[in-house]
1. So is B:Val434 open to solvent by 10 Å² or more (accessible area, probe 1.4 Å), over 24 Å from A:Val351 (Cβ atoms), free of Cβ contacts under 8 Å to residues at least 12 places away in the same chain and not in a loop (DSSP other than H, G, I, E, B) or not?
2. From the list A:Val385, A:Val328, A:Val319, pick out the single residue that is more than 30 Å from A:Arg175 (Cβ to Cβ) and modelled with pLDDT of 95 or more.
3. Within the bounds of the range B:378-389, is there any residue that is open to solvent by less than 10 Å² (accessible area, probe 1.4 Å) and among the aromatic types (Phe, Trp, Tyr)?
4. If we keep just the residues of the range A:552-583 that are without any contact (Cβ under 8 Å) to a residue 24 or more places away in the chain and not β-branched (Val, Ile, Thr), which is nearest to the other protein chains (Cβ to nearest Cβ)?
5. I'd like to verify a number: residues in the range A:509-551 that are crowded, with 23+ Cβ neighbours inside 10 Å, facing another protein chain (nearest Cβ under 8 Å) and part of a strand (DSSP E or B), how many?
6. Is it true that B:Leu235 is more than 26 Å from the chain's Cα centre (by Cα), among the aliphatic types (A, V, I, L, M) and either within 14 Å of chain A (Cβ to nearest Cβ) or surrounded by fewer than 22 Cβ atoms within 10 Å (Cβ to Cβ) (or both)?
7. Name every residue in the range B:91-133 that is farther than 16 Å from B:Glu54 by Cα, at pLDDT 85 or above and crowded, with 17+ Cβ neighbours inside 10 Å, in order of residue number.
8. If a residue must be crowded, with 24+ Cβ neighbours inside 10 Å, farther than 18 Å from A:Gly527 by Cβ and more than 10 Å from every other protein chain (Cβ to nearest Cβ), how many such residues does the range A:397-416 contain?
2 protein chains.
Amino acid sequence: MSPEDEGEYFVHWRWETCEMFIDRCFQDYIWIIMIDSSGIFWDNDSLAALLALELQADLLVLLSDVEGLYSAPPGEPHSKIIHTYIKERHQGEITFGDKSRVGRGGMTAKVKAAVYAASAGTPVVIASGFATNSIVKVLQGERIGTLFHQDAHLWALPKEVGPREMAVSARECSRRLQSISSEDRRKILLDIADALEANEKLIRIENEADVAAAQQAGYEKSLISRLTLKPGKILSLSKSIRILADMEDPIGHVLKRTELADGLVLEKTSCPLGVVLIVFESRPDALVQIASLAVRSGNGLLLKGGKEAMRSNAILHKVITGAIPDTVGEKLIGLVTSRDEIPDLLKLDDVIDLVIPRGSNKLVAQIKESTKIPVLGHADGICHVYIDKSADMDMAKCIVLDAKIDYPAACNAMETLLIHKDLLNSEGLNDLVVELKGEGVTLYGGPRASIAFNIPRAHSFHHEYNSMACTVEIIDDVHAAIDHIQHYGSAHTDCIVAKDLEVAETFLCQVDSAAVFHNASTRFCDGARFGLGAEVGISTSRIHARGPVGVEGLLTTRWILRGSGQVVDGDKEVVYTHKNLPL
Amino acid sequence: MSPEDEGEYFVHWRWETCEMFIDRCFQDYIWIIMIDSSGIFWDNDSLAALLALELQADLLVLLSDVEGLYSAPPGEPHSKIIHTYIKERHQGEITFGDKSRVGRGGMTAKVKAAVYAASAGTPVVIASGFATNSIVKVLQGERIGTLFHQDAHLWALPKEVGPREMAVSARECSRRLQSISSEDRRKILLDIADALEANEKLIRIENEADVAAAQQAGYEKSLISRLTLKPGKILSLSKSIRILADMEDPIGHVLKRTELADGLVLEKTSCPLGVVLIVFESRPDALVQIASLAVRSGNGLLLKGGKEAMRSNAILHKVITGAIPDTVGEKLIGLVTSRDEIPDLLKLDDVIDLVIPRGSNKLVAQIKESTKIPVLGHADGICHVYIDKSADMDMAKCIVLDAKIDYPAACNAMETLLIHKDLLNSEGLNDLVVELKGEGVTLYGGPRASIAFNIPRAHSFHHEYNSMACTVEIIDDVHAAIDHIQHYGSAHTDCIVAKDLEVAETFLCQVDSAAVFHNASTRFCDGARFGLGAEVGISTSRIHARGPVGVEGLLTTRWILRGSGQVVDGDKEVVYTHKNLPL
């Protein structure tokens, strides 16, 4: 086995870019597969190792009845599969249990044989013989089983700090960040901005390498566009960090001040959440934005970026954390580069306070599905525009066109158009339909609209096109519109176009979405347009923060009580005043 | 089988009060057990049924290799064990798969035999033959397996509305509750207060029956005390509902008003969360408090009470929902009486917005562990008092004694006392220790304190006694105190006693707990003492609400935007003003 790229590149290449692996190497491989499911003849393992070395095999796959080597007997809490065996680290740590059906001897013998073969030059993977297609998956570079390689200690030892340790360190640093002065926090942001500008060249070189690799791998254009740091981008990022630095400090705000009793004063003050995990697809600029928001709000941060932006993220992370002083600690912001998968990170609900996914709806939905950590984001954006019979149809046309066409892939774009039945066959409505079609919007109809406009039937009212298409339906009145939206919507942004103010107020009062609009395009639902400054995300959850969320989404509160020796003592002597004091 | 109480009482009695079951009936039973693990000789099932009838057996237990009868093949999503088989309902619903090792025939034959035996008078339970002690558990009345009984259709058919349907109905009603006027919501609360008073006698009769049953069952005194509605309690509850009715309406408050652009005004307004699930141990007064808070805040509610308060909860629920007008709908508040267990309820994260557990730490911890619905509550209350070297030792003594003794079982009671090392051997500290011991507080020490005071070693610093005991440790300074609290505390309430204001501010700023106090007893951490009005709970989570939570913990916000036809259109023409407007 002779990969051109030694060391850690081999790891990334091996596990993460299987296409290259197959294209470049499949032909050159000789492999040996030993199946040892009985567990009785465990000499098979050492026999296999000897044979593999004799044949100078490129890879030895040992099949077991468990998924690979575990840190503790499989099934025990905290037992975790070890993806790369590093003798120096794992030798003492692993406890061999007897839960596996091959018994204690089975895995011990396999590890011994694997270490032997690997140290003599033949890499070994121990994988499950019961799972489907294990061998094919190993050969395709999938990250299954446990890899033994003579260079393994070089790849991982200095890097592999687990995400749990990273989260704990980030929290410690965030506490230090909170306790320094507001001016010192401001200075960190200015230093980060300076460091980004000073290292612009370096950042662009790494980003260009990512872009080139993505182009070579044939990724789609939109991904490459998001991945690319265009000329001037670094400058505009550093500029926005300087604006953030000059923003009012959000930490330590007194939100409420109450005198509980004589000489006993209670304050509710804002403070950081703690540790925030950002999972973002290949957008290196998101890393910079989020990191600066975290510093501004006093939070620790774990970053898990898309693999396509690996080099860009690494250099940006290095530049940013290099600007964080030792009094706070560069571990304030951790970049998760270990091969721990997102599901592993999402289990850390005891040390991570909030997850913010930045990426596709699918990513958000998957994250929401698989974690108990609160998630700030939205999986769906099924936004409605309802045109009431009282609508000014010129206004309706402008709003509907903007809501659909301004940026069809945005989460706040219109996906469903609801039309009051009295507007059928009106000139205004016909105009609107003609114009939508003229702009290239494909219309799908509900049961009534598909007949009225002779358009194909929509498969479901709960559908997000994210493209130049939308669903249309005829409904009886505002109450039917409200019911439709409650039933099929995603509680993101919904709009009524109406001149009748009573009808409009009914809609505004009863549609239970994060944002409800009257006579304005759904596209206004956005942190910047709402004047919130930096946007953390748009939340459709009902807890903590809802709709477009600014920096306050990264904050919580603490109650601070200052007394002079007061005790409760059965409330016998305390005279509660509960007087609101000025802030 | 001839239980004195027919029908549904049999069910409750059977599954829920196993002691009675054994005491009263165990001797009279004849039972037959057929083990059918091979699945080949499935005539065994009908043979068993015939034999059971022939012997006029009281119960037939059929053992299978799965837990019981499932609504779909076990392992499929949404497949659920059926606890009581009702022919009329389940016959068409159940799909028999072939995943079970006994094959398709096995379960079909068992159900057929069970229906046959049950309809002829011998109840049948199908349970797992692999699980430990299945037969003993069935005989002890545990709710395992699937029960077949000739009267099953009488017990469950009219009652069993699933919790999912209840949550959906509660949300619909809550939307109607939101859309009526504030005055009408106030009137509902007043009507509930009147109805409680008018039905006081009835409520007390049912409550007395619960109390009598609990006493007979030998429950501990504290449970019976919580269960009992003492004389005057109904009156004091109705009085507090009237106070709540006259409180400022929390719904529809405009929290922020911004002009985004000319004629485009954004408002952030308060609105109900949606549907709240309350899981409470046997405290019928909690039902009344929470139900009235839900009405006040416009939320739908699901109540799951302790089984010991079954009759009290049923009558209170009936009286309260009877006072809710049809314009809103009595399904606003659902009482979960079906035998669905709490874990089933906690899976409904798509229709329930918040869970509030009211009960033991264990209950809260279990709920937090097993749901993705946000939980408002606290599992631990490990509160610290740190006595700085600058403390006024008389004040320290008062605060420490109050924090520990005022109500030792409360979550805001002191569990750990940290003492600055310079105070060792001082008269003040010796006084304090003597007084604590004199009051009957058992002291456990950390490594340093156990030697200094000659007291037994505490097993762990992370320990909540909830009784007249506490941990004591000597530490170097305020920074060590902060580190200790971050490491071993539960982020509930922590206190510093100090004259040195700089040291105090360091503590107040750096201890990252929900409540941090200077020179005041930890016992002040309470919604009523904080002046929040009705208390929903005390939250140690960092998201949504923190510390003592009033009615605002049941609210979220919506963004309401009123325009006059504005569109985004690439932000080409919009001139954003982002002007704060008066509220």
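1. Taking the combined requirement at face value, the residue satisfies it.
2. Step by step, each of A:Val385, A:Val328, A:Val319 is checked, and only A:Val385 is more than 30 Å from A:Arg175 (Cβ to Cβ) and modelled with pLDDT of 95 or more.
3. yes
4. A:Gly565
5. Qualifying residue count for the region: 7.
6. Judged against the criteria, B:Leu235 is not a match.
7. The answer is B:Val111, B:Val125, B:Ile126, B:Ala127.
8. Of the residues in that region, 4 qualify.
The values are calculated or read from the model by the stated rules, or taken from the named source; none is laboratory data. Since the structure is predicted, the reported quantities are computational estimates derived from the model, not experimental observations. Heads up, the Cβs are rebuilt from the backbone with ideal geometry, glycines too, and the neighbour counts pull from every protein chain shown. SASA here: full protein model, heavy atoms, side chains in, ligands and nucleic acids out. Shrake-Rupley method; radii C 1.70, N 1.55, O 1.52, S 1.80 Å.
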